[in-house]
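Chemist: Sharing a structure with you now.
The values are calculated or read from the model by the stated rules, or taken from the named source; none is laboratory data. Model, not experiment: these values are computed from the prediction. Ideal geometry is used to build each Cβ from the backbone, glycine not excepted, and the neighbour counts take in all protein chains shown. Surface accessibility is based on the protein's heavy atoms, side chains included, excluding ligands, DNA and RNA. Shrake-Rupley method; radii C 1.70, N 1.55, O 1.52, S 1.80 Å.
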Amino acid sequence: MDDVIDLRIQIALEDDESSESSESSSGSSQETPETVQSGSQTRRAEPLVSYDTSLPALHSYLGNDLEELSGRTLLDDDSCQTIPILSLPGVMLIPGQTLPLQLYNPSTIAMMIHIIHNDHTFGLINSRFSGRLFNNAVDTIGTTVEIRSYREEENDYGVNNLIIKAEGRQRFEILETRTQSDGIIIGKVRILPELSIGEPGVGCKLNSLDKFSVPPPNFNPSKRSNGYQCNELLHRNSHKYNKYDFANYTWFPEFVYKMYDPIVLMNRIKGMIQNWNKTMSKDLMPCNPKEFSFWIAANLPLDDNQRMELLKINEVTGRLRHELKIIEECCVLTCKDCSNVIARREDIFSMSLQGPQGTYVNPNGYVHEAITVYKAKGLHLSGRPSTEQSWFPGYAWTIMECSQCHSHMGWRFTAVEKNLKPIRFWALCRSAIQNRISALTDADA
């Protein structure tokens, strides 16, 4: 059976290489056709996705026999808690993100087993990452993580390891830490609150005028009393309801209040993202502004400093405004070490129900945050393709490096089965890329 799989991988790779060579001869390098003609207009070609996008979100490469944990833990805002702290290089978890772990260190496994038998909660902070080098500095803002399922197992060498699927829950600020003799960090943390400024203009809104714009409460058209008839006529003859009518009684015009309305900001960001790529449907995005602000923070190609700025913001509107600014300025993705252009923002697409960027763990236990793009350049293959613990079942992965500085950039995934679309795509490490403001020139394109 393994020989058959290896043969399929090899055939897929050969077909892919032959297609790349034909593309290279026509001057398009590793990229698929970028534009298509539609009447008199030219638009970007978008990837056809026939893949089951629910598979990556399940993390089935960890196995399907994990033991589920019941009960959920929610800590009070502004409360001080003492929790174990796990530090991971290059990973900065956002509330709502899934965190897969494969643990081999005996002290860390013992800590997690203790957590599993108690409140299922620990803290995660990021170790600073720069190119191939780590330093010992860690962030003071992190995210509580709740274990959802786990499995203990023993490998062929008699070494115990622990597989965990967890989820980011709440932001916290580290007040003080101490390190135990086994190396485990215990932290005293403060749970950061989630604030909201509420509806803009609520203090100057004239609620008494709402009856001229909307039906009265409990309005029933079948009832024909004089009062209801009067209100119905008012409703029929009134202008379309505008929640910003109160701006007429203030010093500021309507657009000023819209700049601080979380619903307006959320819909504006959704529209901009869909202009990048139609595969990122609004139906897959959260409808709650707070949840959406975290979803955007988890799926934008941000560096550690940008993510930290978002995690520090305690208010939903401020977080959405900051994200909107980043989206407006992000044009291209480049190598973090040498600024080699790798992809455009329009090349980002979603191969998972959770969004274009996900958190995955490799067989050695190293956790990566990877964002998927359907076009990339300035990269070269390193090694042979493999389907071992593939994050995207049905695809074989191959390590990719920057063609200029040879830094590890991520992986190219190639379909093993012919009916899978896209045939290939790239998963770029968040810790290895940065977003750049300047747009691509014609020479880059």
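Chemist: Would you mind checking Lys290/Lys325; Lys258/Lys312; Lys165/Lys421; Lys282/Lys312; Lys336/Lys375; Lys258/Lys325 for any pair whose Cα atoms are more than 20 angstrom apart?
Modeler: Pairs exceeding the cut-off: Lys258/Lys312; Lys165/Lys421; Lys282/Lys312.
Chemist: Next up: Give the calculated FRET efficiency between Val49 and Asn305 to the nearest 0.05, with a Förster radius of 30 Å applied to their Cβ-Cβ distance.
Modeler: 0.40
Chemist: Here's a follow-up. Once the Cβ-Cβ distance between Ala110 and Thr140 is put in as r, and R0 is 25 Å, what FRET efficiency do you end up with, to the nearest 0.05?
Modeler: 0.45
Chemist: Give me the extension gain from Tyr366 to Leu66: residue separation times 0.36 nm, minus the current Cα-Cα distance, reported in nm with one decimal.
Modeler: On the way: separation 300, 0.36 × 300 = 108.00 nm, distance 1.95 nm.
Using 0.36 nm per residue and subtracting the Cα-Cα distance, I get 106.1 nm.
Chemist: What ranking do 89-97, 105-113 get when scored by the average of other Cβ atoms within 10 Å per residue, highest first?
Modeler: 89-97, 105-113
Chemist: Multiply the residue gap between Leu74 and Lys258 by 0.36 nm, knock off their C-alpha separation, and tell me the result in nm, one decimal place.
Modeler: Additional length available on full extension: 63.0 nm.
Chemist: Can you give the FRET efficiency for Ser87 and Arg268, using 1/(1 + (r/R0)^6), R0 = 35 Å, r = Cβ-Cβ distance, to the nearest 0.05?
Modeler: It comes out at approximately 0.45.
Chemist: Something else: If you stretched the chain out fully between Lys421 and Glu388, how much longer would it get, using 0.36 nm times the residue separation minus the C-alpha to C-alpha distance?
Modeler: Extra length from Lys421 to Glu388 when fully extended: 9.9 nm.
Chemist: To continue, here is another question. Starting at the first residue of segment 66-80, write each ³J(HN,Hα) from the Karplus equation 6.51 cos²θ - 1.76 cosθ + 1.60 with θ = phi - 60°, in whole Hz, x for Gly and Pro.
Modeler: 6, 7, 7, 9, 9, x, 10, 10, 10, 8, 5, 4, 6, 7, 9
Chemist: Taking the Cβ of Ile85 as the centre, find all other residues whose Cβ is under 13 Å away and add up their charges (Lys, Arg: +1; Asp, Glu: -1).
Modeler: My count for the surroundings of Ile85 gives -1.
Chemist: Further, regarding this structure: Given a 1.4 Å probe, how much area per residue of segment 354-445 is accessible, in Å²?
Modeler: 37 Å²
Chemist: Still on this model: Once label points are set 7 Å from the Cα along Cα→Cβ at both Ala57 and Cys204, what is their separation, rounded to one decimal in nm?
Modeler: Modelled inter-label distance: 4.2 nm.
Chemist: Say each of Ser403 and Ile437 gets a label point 7 Å from the Cα, pointing the same way as Cα to Cβ; how far apart are those two points in nm?
Modeler: 2.8 nm
Chemist: Could I have the simple spin-label model distance between Arg190 and Leu284, label points 7 Å from Cα toward Cβ, reported in nm to one decimal?
Modeler: In this crude label model, Arg190 to Leu284 measures out at 3.9 nm.
Chemist: I would also like to ask the following. When the accessible area of segment 247-301 is computed with all protein chains present and a 1.4 Å probe, what percentage of it is carbon and sulfur?
Modeler: Roughly 59 percent, rounded to a whole number.
Chemist: So, one more: Whole-Hz ³J(HN,Hα) for each residue in segment 101-114, computed from phi via Karplus 6.51 cos²θ - 1.76 cosθ + 1.60 with θ = phi - 60°, x for glycine and proline: what do you get?
Modeler: Going residue by residue, I get 9, 10, 9, 10, 6, x, 5, 5, 4, 4, 5, 5, 4, 4 Hz, with x marking Gly and Pro.
Chemist: Is segment 297-336 rounded, prolate or oblate when judged by the Cα gyration tensor, a ≥ b ≥ c being the square roots of its eigenvalues, rounded requiring a/c under 1.5 and prolate requiring a/b larger than b/c?
Modeler: oblate
Chemist: Given a 1.4 Å probe and every protein chain left where it sits, what share in percent of the accessible area of segment 356-445 is carbon and sulfur?
Modeler: Working: 1720 of 3350 Å².
Here it works out to 51 percent.
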